[in-house]
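**Q** Quick one: this structure, given as structure tokens, is what I'll be asking you about.
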Amino acid sequence: MPTTASAASAFADVTASDGALRRFLHGLPGVDAVGLEARAASLGTRSIKTTAKAYAIDLAISMIDLTTLEGADTPGKVRALAAKAVNPDPTDRTTPTTAAVCVYPDMVATAKAAVAGTGVKVASVATAFPAGRAALPVKLADTADAIAAGADEIDMVIDRGAFLAGHYLKVYEQIAAIKAECGDRARLKVIFETGELSTYDNIRRASWLGMMAGADFIKTSTGKVAVNATPANTLLMLEAVRDFRAQTGVQIGVKPAGGIRNTKEAIKFLVLVNETVGEEWLDNHWFRFGASSLLNDLLMQRQKLATGRYSGPDYVTVD
Amino acid sequence: MASAFEYAPAPESRSVVDIAPSYGLFIDGEFVEAADGKVFKTVSPSSEEVLSEIAQAGAEDVDRAVKAARKAFEKWSALPGSERAKYLFRIARIIQERSRELAVLETLDNGKPIKETRDADLPLVAAHFFYYAGWADKLDHAGYGANPRPLGVAGQVIPWNFPLLMLAWKIAPALATGNTVVLKPAETTPLSALFFADICRQAGLPKGVVNILPGYGETGAALVAHPDVNKVAFTGSTAVGKAIARSVAGTDKKVTLELGGKGANIVFDDAPIDQAVEGIVNGIFFNQGQVCCAGSRLLVQESIQDELLDSLKRRLNTLRLGDPLDKNTDIGAINSSEQLARITSLVEQGEAEGAERWTASCEIPSAGYWFAPTLFTNVTQAHRIARDEIFGPVLSVLSFRTPDEAVAKANNSQYGLSAGIWTEKGSRILAVASKLRAGVVWANTFNKFDPTSPFGGYKESGFGREGGRHGLEAYLDV
Amino acid sequence: MSESATRLSVFKTYKLYVGGKFPRSESGRVYEVTDSKGKWLANAPLSSRKDARDAVVAARKAFGGWAGATAYNRGQILYRVAEMLEGRKGQFVHEVADAEGLSKSKAAAVVDAAIDRWVWYAGWTDKIAQVVGGANPVAGPYFNLSSPEPTGVVTVVAPQDSSFLGLVSVIAPVIATGNTAVVIASEKSPLPALSLGEVLATSDLPGGVVNILSGKAAEMGPHLAAHQDVNAIDLTGATEGDLARELEIAAADNLKRVLRPRPEDFNESPGTDRMTAFLETKTVWHPTGSLGASGSSY
């Protein structure tokens, strides 16, 4: 399988100029919104029961980037979150850990210490999250700081202003620069803020732009705007990573983030993965949920499956 | 698709429907035996289990039912439209109330997936009655002059592919305009029409306004030929449609026919490709392809043919074939052994004529009638599988080079019911749509239906329109 | 030299009108046409099934262009037919009077009505789509539009008695909407129809849009009714014996649209049903959807 670097070189001519990049991105197949949403809705009617549900719940838990991104975050809050990521259900030690905790750069060190030796990764948002309105050197410094503090994964935001202004090469070069900063030390998730890109055609273009520039993951949103992950925009990004691998051999992960709050919704996303890109993506190396409250609902559903009784919020931890 | 994420069975409960061991004919508000006592069995195509024994109407029963409808016509047509409307609204509501039961029933008798009966058939059935209910007291404003009169007794013969929906398409406009009806459901799917008879009783519909006569082709022929029938409405094969057209020649009977098709689904190189793949799948595998307006001919621009076929095959391998009552089933059973034999024979001919067959990898249940999703490449206009209606889950793939060629190939058919266009270029959609000789053109979508939208064919796909304001004309003396 | 020699008039050779040209019957046959009192008027071509076949070919060839012309353009041309007829009124009054045994004044009224009928249908060409088509409010994110479109090649068995007003009343609605026509003129009174061909030829009507055959409906009818490249048949003039039923049966071979004969007073104002009888309804769907990917709200 070619490396990401060779994928980038495969697109060297495409990324040689703003004009060439624009022609390439605008030459991608269009997206019919109604058809895309209908397909996502149709997959949403899959009925996932019993053994399949148990599998899906554990898989979903293992895919969560348990997130806190508040101005009020404190070391205590982050440690509690990390404890929950490592041990989501104190009453049932068979519960898988989450994939990662996701915090601001200044909380990375705290988080890293709290998950040390557990296999739970630390992801850090960076690049002037969530707006991305800063100069490239600031973004690079932000990224370097998080990596230096021990971040395993960097969740960067793209410059939506540049994208919407048609300055695709600028966006490309920023992603590539952050990727270079990450090097082999951290995997890079590229956040498009799909709610601000507004159209599905833009989401497809942004997906290719991100993948060509070296993203390890493409991610829907920051969780900070009105519309975040939806089945339709996630389906579209899954189609993009599928097509990208078919063309380059390089596999890219997908992370819907924001707005996925309960088990039923999470399972719908897993069905999208299963039926769009298949089992090669059914692993937390390739698919993540950016979420916080989702975990408790998954845990309550897990308890219900195990005991036959409906659980309640007092039987899961509030952290 | 073999996957770590295997969906456990998720069957809809069968207990919501109570099928009696036998059913009579529904004549003049009562269930009665056939005059000659004949019965036939209806089986579930997914299991071959006998569901019930059904009275089989003969010529004498046809006469009895037409007489009952004639008798009821006088009062029914004289009712204020607002009162007829309320009966239809009642029926629509009862259908909504009983929709789960009817969906399970239809899936059992027809073999189609519960996903479709639940999400497509039943909502459309109720919507159709709602739509025409509203017309009953507004006929003066329908564009057919003041006080347009009904025709009288309508003899209606419907197919097995959408049993209850086709009943709705026939009965709702007929009753709204003041006609009374005698309807013959298909011999393989009589149950939902008989349940509908019960709904008519629950709604308090006057006796004789709706009569249901299960039976085979000869029952339909007797109904169509009955001298006291004023209106003939038929949905089914083109061959039978032609026989009906001959049999009513020289009479005053008004006729509408919804017949076969060989719809072309045209994909241009600038199509929204993922949605086009979904549209192709929906176009030919919805209801196992047993759809008169199916997009059974894929016309793909040669420059994207390989890419599109790869995507299509990958997608087809995710289709889930099996128990129609399972909520995750995409492809159900073929309706009957006869239909399966017809599909099989045409597919064999396709292979014999040199087309290249590809069939999705899915396990076929041991009992019942099944056919895995199949497509043929290297098909030309000369192949029989490009011309004959297969009425099954079989797609013939042809290529074209230019829009002109696409239109020429699309129109090169005795049929003219449906067509699809996939392109992101607006002017191309409008130019191609205007040149296609087909009654329904779906652009960047496929197989969409709505009670307000007229449906019907050009050429040998029949004449007349069902649905919308246009659908009233078939039942008015205008 | 008190006797001035009366001038010998020039007879007209009546010919068919097919594909914009004026051929004789390929069969070389003619039959005698007489006035209502039995006096010989002319020899008319006795068209054969091959003439009918040629007429269908011409009509099919003309269909794409005529159906594809703008409705405004078709209206202009139909109005031009009325203008041309107005200028040749005398000829038609004479022919109609002979054909139908009418007084000059009554024949003039018939011709006036026929001219006015062209004007009526000329005005319809760009209105019928608005009257019988329109947007359908489907329950989903789709734009849905139904439009009438011409059925195709229509065989018209013209009325036997009303040789001109009836003729115009059955041809004009067929072509107003973009169909092309193969017309079997009144068998006993074909001369106004054959003369109409000459008017049509000078009215900017593309050749083949209207093709006029004289002869026997019972001879040509079965071939036209069974012809697989004819889309519809108007049986108005098929009043002889069981002919209408026989033609309707033959028409079922390719499911032609059939307009059965019915009692009709051509002096009455026509409705739209002669147009709608030969129109198909095409319904086109297209997704609308939301403007953005941010959900259904905008």
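**Q** Once you charge only the Cβ atoms, +1 for Lys and Arg and -1 for Asp and Glu, what is the size of the charge dipole of region A:4-307 about its Cα centre, to the nearest 20 debye?
**A** Numbers: 33 positive and 32 negative charges, 108 e Å.
Dipole size: approximately 520 debye.
**Q** Regarding region A:4-307, what whole-number volume in Å³ per residue does the convex hull of its Cα atoms give? Write down the numbers at each step before the final one.
**A** Details: hull volume 36.0 nm³, N = 304.
Expressed per residue, the convex hull around the Cα atoms of region A:4-307 is 118 Å³.
**Q** For chain A, what is the relative contact order in percent, using Cα pairs closer than 8 Å and at least 6 residues apart in sequence?
**A** Numbers: 589 pairs, mean separation 63.8, N = 319.
This gives 20 percent for chain A.
**Q** To make sure I understand, if each residue's beta carbon is the centre and we count other beta carbons within 10 Å, what order do B:E353, A:E70 fall in, fewest to most?
**A** Details: B:E353 16, A:E70 10.
Arranged by neighbour count, lowest to highest, B:E353, A:E70 become A:E70, B:E353.
**Q** Here's something else I'd like to know. Please list 3J(HN,Hα) in residue order for region A:178-187, calculated via the Karplus relation 6.51 cos²θ - 1.76 cosθ + 1.60 where θ = phi - 60°; whole Hz, with x for glycine and proline.
**A** In residue order, the calculated couplings are 5, 4, 4, 5, 5, x, 8, 7, 9, 7 Hz.
**Q** If the cut-off is 19 Å between C-alpha atoms, which aspartates and glutamates fall inside it for A:K112, apart from same-chain ones fewer than 8 positions away?
**A** A:D65, A:E70, A:D73, A:D142, A:D145, A:D152, A:E153, A:D155, A:D184, A:D319
**Q** Among the lysines, which fall within straight-line cross-link reach of A:K139, defined as a Cα-Cα distance under 17 Å, with same-chain neighbours fewer than 8 residues apart omitted?
**A** A:K170, A:K179, A:K189
**Q** What distance in nm lies between label points placed 7 Å from Cα along the C-beta direction at B:A78 and B:R100?
**A** For the pair B:A78/B:R100, the computed spacing is 4.4 nm.
**Q** Give, as ranges by residue number, the residues of region A:293-307 whose backbone N falls under 11 Å from the point 7 Å along Cα→Cβ of A:D92.
**A** Under 11 Å, as judged by backbone N against the label point of A:D92, lie A:298-307 of region A:293-307.
**Q** Each residue of region C:274-287 in order: what ³J(HN,Hα) in whole Hz does its phi give by Karplus 6.51 cos²θ - 1.76 cosθ + 1.60, θ = phi - 60°, with x for Gly and Pro?
**A** 6, 7, 5, 4, 10, 10, 9, 9, 9, 10, 10, 10, 8, x
**Q** Please work out the ratio of the alpha-carbon Rg of chain B to 2.2 N^0.38 Å and round it to two decimals.
**A** Dividing the Cα Rg of chain B by 2.2 N^0.38 Å gives 0.96.
**Q** Arrange the following residues from fewest to most other Cβ atoms within 10 Å of their Cβ: C:L205, A:L140.
**A** On the way: C:L205 21, A:L140 18.
By the 10 Å Cβ count, ascending, the order reads A:L140, C:L205.
**Q** Now a separate question. Step through the table entries B:K41/B:K170; A:K53/A:K264; B:K262/B:K459; A:K268/B:K327; B:K254/C:K61; B:K67/B:K231, compare each Cα-Cα distance with 21 Å, and write down the pairs that go over it. Write down the numbers at each step before the final one.
**A** On the way: B:K41/B:K170 25 Å; A:K53/A:K264 10 Å; B:K262/B:K459 12 Å; A:K268/B:K327 14 Å; B:K254/C:K61 32 Å; B:K67/B:K231 14 Å.
Table pairs above 21 Å Cα-Cα are B:K41/B:K170; B:K254/C:K61.
**Q** Over region B:52-169, one equal point on each Cα, no solvent: what is log10 I(q)/I(0) by the Debye formula at q = 0.13 Å⁻¹?
**A** -0.67
**Q** Name the long-range amide H neighbours of B:G208: under 5 Å, sequence gap of 5 or more, or other chain; modelled H, no Pro or chain starts.
**A** B:D28, B:G29
**Q** P(r) of the protein assembly as shown in 20 Å steps, Cα pairs, percent per bin?
**A** Per 20 Å bin, starting at 0, the Cα pair percentages come out as 12, 35, 31, 17, 5, 1, 0.
**Q** Something else: What 222 nm value per residue comes from the helices of the protein assembly as shown, counting each DSSP H run with n ≥ 4 as -39,500 (n - 2.57) and dividing by all residues, nearest 500 deg cm²/dmol? Numbers along the way, then the final one.
**A** Details: 38 runs with 450 residues, N = 1095.
Mean residue ellipticity, 222 nm, calculated: -12500 deg cm²/dmol.
**Q** Give me the lysines in straight-line cross-link reach of C:K104: C-alpha distance below 22 Å, same-chain residues under 8 apart excluded.
**A** C:K12, C:K37, C:K39, C:K89, C:K188
**Q** In addition: Does anyone have the angle between helix B:81-97 and the longest principal axis of chain B? Alpha-carbon axes, 0 to 90°, nearest 10?
**A** With rounding to tens, the tilt is 50 degrees.
**Q** I want the antiparallel fraction of DSSP beta bridges within region B:264-443, as a percent rounded to 5.
**A** Details: 4 of 25 bridges.
Counting DSSP beta bridges with both partners in region B:264-443, the antiparallel share is about 15 percent.
**Q** What angle do you read, to the nearest 10 degrees and between 0 and 90, between the alpha-carbon axis of helix A:75-86 and the longest principal axis of chain A?
**A** The angle comes out near 80 degrees.
**Q** Let me ask something else about it. Mind listing the long-range amide H neighbours of B:D326? Cut-off is under 5 Å, sequence gap 5 or more, other chains count too, H placed in the peptide plane at 1.01 Å from N.
**A** Long-range HN contacts for B:D326: B:E12, B:I114.
**Q** Between region B:348-408 and region B:91-107, how far is it from one alpha carbon centroid to the other, in angstrom?
**A** If you average the Cα positions of each part, the centres end up 34 Å apart.
**Q** Given 25 °C and 0.890 mPa s, compute D for region C:1-69 with the Stokes-Einstein relation, Rh being the Kirkwood radius over Cα pairs; round to the nearest whole µm²/s. Kindly include the intermediate steps, with their values, before the conclusion.
**A** On the way: Rh = 15.0 Å.
Estimated diffusion coefficient is 164 µm²/s.
**Q** Same structure, new question: Provide C:V230, A:V122, A:V14 in ascending order of the number of other Cβ atoms located within 10 Å of each residue's Cβ, fewest first. Intermediate results must be reported in sequence, preceding the final value.
**A** On the way: C:V230 24, A:V122 29, A:V14 18.
Ascending Cβ contact count within 10 Å gives the list A:V14, C:V230, A:V122.
**Q** Still on this structure: Can you compute 3J(HN,Hα) from phi for each residue in region B:288-302, using the Karplus curve 6.51 cos²θ - 1.76 cosθ + 1.60 with θ = phi - 60°, rounded to whole Hz and x for Gly and Pro?
**A** Listing the rounded values in order: 6, x, 8, 9, 5, 9, 4, x, 7, 10, 8, 9, 10, 5, 4 Hz.
FYI, it's all coordinate maths here, none of it is from the lab. As the structure is a prediction and not an experimental result, all values here were calculated from the model. Neighbour counts run over all protein chains shown; Cβ positions are idealised from the backbone, glycine included.
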